[in-house]
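K.L.:
A single structure is presented below for examination.
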Amino acid sequence: MKHLLKLGDLSREEILGILNLADQLKYERKNNIHKDYLKGKKLGMIFQKSSTRTRVSFEVGMYELGGYALFLSDRDLQIGRGEPVQDTARVLSRYLDGLMIRTFAQSEVEDFAKYGSIPVINALTDYAHPCQVLADLMTIREYKGSFKGLKMCFVGDGNNMANSLMVGALKTGMKFSIACPEGYEPDGALLEWAKGFGDDFEMTTDVKKAAEGADVLYTDVWASMGQEEERALREKAFKGYQINAEVMACAGKDAMVLHCLPAHRGEEITEDVLEAHAREIFDEAENRLHAQKAVMCKLMRD
């Protein structure tokens, strides 16, 4: 494991190894066991998309590991004025021990890894969100004990979250169903890959059908960053693609609900469902810190 660009690059064993280390780091933090695993290491953080959880969790994580995180917006870098990725990657590799990028195009993250000589972490692209899904998997295992026999259902846009959740769920042995409107399906190549899992994968336009017997229900906003101009169109297309009491009644008896946040109450999830499942949703948000610390240790520790 040289980089974290997308979950599809990792084996099941590598994913579980990250989760096991994340559990250890969470235990150490809660028991005030302080170890400078990344003492003196420097992480550059390039943000072309705004963030709450990503920036705070990576900065705090590096501090707690004994390292230093440097915030770099595209307004502060020459890349924002047209410097090629390959040049920026080579330069930053001379200064830093690792690079985290939150941007639009997956190709940009891949190019940083190609031309740089330090580990690169994808903190979100329009194609994938591997750090979030590692935190999601960590939370599911905390609440359910294991992944064996579980079914995850995603309701909403076939976006970066759907792409990465599909891979994470199927690679760890869960069944995965997705309900999305026509024209908003996940990445085509990933869909073909998922179909290879046979009955463990299902895609439908019927929310209740997808949610039937689910142990984990997951949703995301209807319009992600960069899609603001599509908001009115998407509100119409996604009407009914909501986790609410009726959908919860179709799921398993002890089904948990997850959301990557921020949530738009009354759109993709109702207020009552979110508040009823606030504990697991905000445990999920906290686990971004622990999962990302594990990733950084795996990639940057000597």
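Only the coordinates and a few stated rules stand behind these numbers; no lab work does. Source: prediction; values computed, not measured. Cβ coordinates were reconstructed from backbone atoms using ideal geometry, including for glycine residues, and neighbour counts include every protein chain displayed.
K.L.:
Sticking with the crude label model, points 7 Å out along Cα→Cβ, report the distance from ALA249 to PHE282 in nm, one decimal please.
P.N.:
Taking the two extended label points, one gets 2.9 nm.
K.L.:
To continue, here is another question. GLU83 versus HIS264, label points 7 Å from Cα toward the beta carbon: distance in nm?
P.N.:
Distance between the two pseudo-spin positions: 3.6 nm.
K.L.:
Here are some pairs, LYS6/LYS208; LYS6/LYS171; LYS151/LYS171; LYS144/LYS253; LYS175/LYS208; which of them have Cα atoms lying more than 18 Å apart in this structure?
P.N.:
As for pairs spanning more than 18 Å Cα to Cα, those are LYS6/LYS208.
K.L.:
Here's another thing I want to ask about it. Run the quick spin-label model on HIS34 and SER50: label points 7 Å from Cα toward the beta carbon, then report their separation in nm to one decimal.
P.N.:
Each label point lies 7 Å from its Cα, and together they span 3.4 nm.
K.L.:
Next up: Residues of the stretch 115-144 with amide nitrogen under 16 Å from the 7 Å Cα-to-Cβ point of VAL91?
P.N.:
Once the point is set 7 Å along Cα→Cβ of VAL91, 115-117 turn out to lie under 16 Å by backbone N, inside the stretch 115-144.
K.L.:
Say we join alpha carbon atoms closer than 10 Å with springs in a Gaussian network model of the chain; which of LYS209, LYS151, LYS253 then has the biggest fluctuation?
P.N.:
Judging by the Gaussian network model, the answer is LYS253.
K.L.:
Would you mind classifying the stretch 155-270 by shape? Square roots of the alpha carbon gyration tensor eigenvalues, ordered a ≥ b ≥ c; an a/c under 1.5 is rounded, otherwise it is prolate if a/b is larger than b/c and oblate if not.
P.N.:
oblate
K.L.:
Check cross-link reach from LYS41 to the lysines: straight Cα distance under 19 Å, and skip same-chain residues fewer than eight apart.
P.N.:
Within reach: LYS2, LYS293, LYS298.
K.L.:
Another one. Work from the charge dipole of the stretch 130-284 (Cβ charges, +1 for Lys and Arg, -1 for Asp and Glu, about the Cα centre) and give the residue of GLY198, ILE281, HIS264 farthest towards its positive end.
P.N.:
Of the options given, the answer is GLY198.
K.L.:
Would you compute the Debye intensity of the stretch 1-108 from its alpha-carbon atoms alone, equal scatterers and no solvent, and pass along log10 I(q)/I(0) at q = 0.10 Å⁻¹ to two decimals?
P.N.:
-0.35
K.L.:
Identify all aspartates and glutamates with a Cα-Cα distance to LYS30 below 14 Å; exclude those on the same chain that are fewer than 8 residues away in sequence.
P.N.:
Leaving aside aspartates and glutamates fewer than 8 places away in the same chain, those within reach of LYS30 are GLU64, ASP283, GLU286.
K.L.:
Tell me, what is the percent relative contact order of the chain, built from C-alpha pairs under 8 Å that lie six or more residues apart?
P.N.:
The value is 21 percent.
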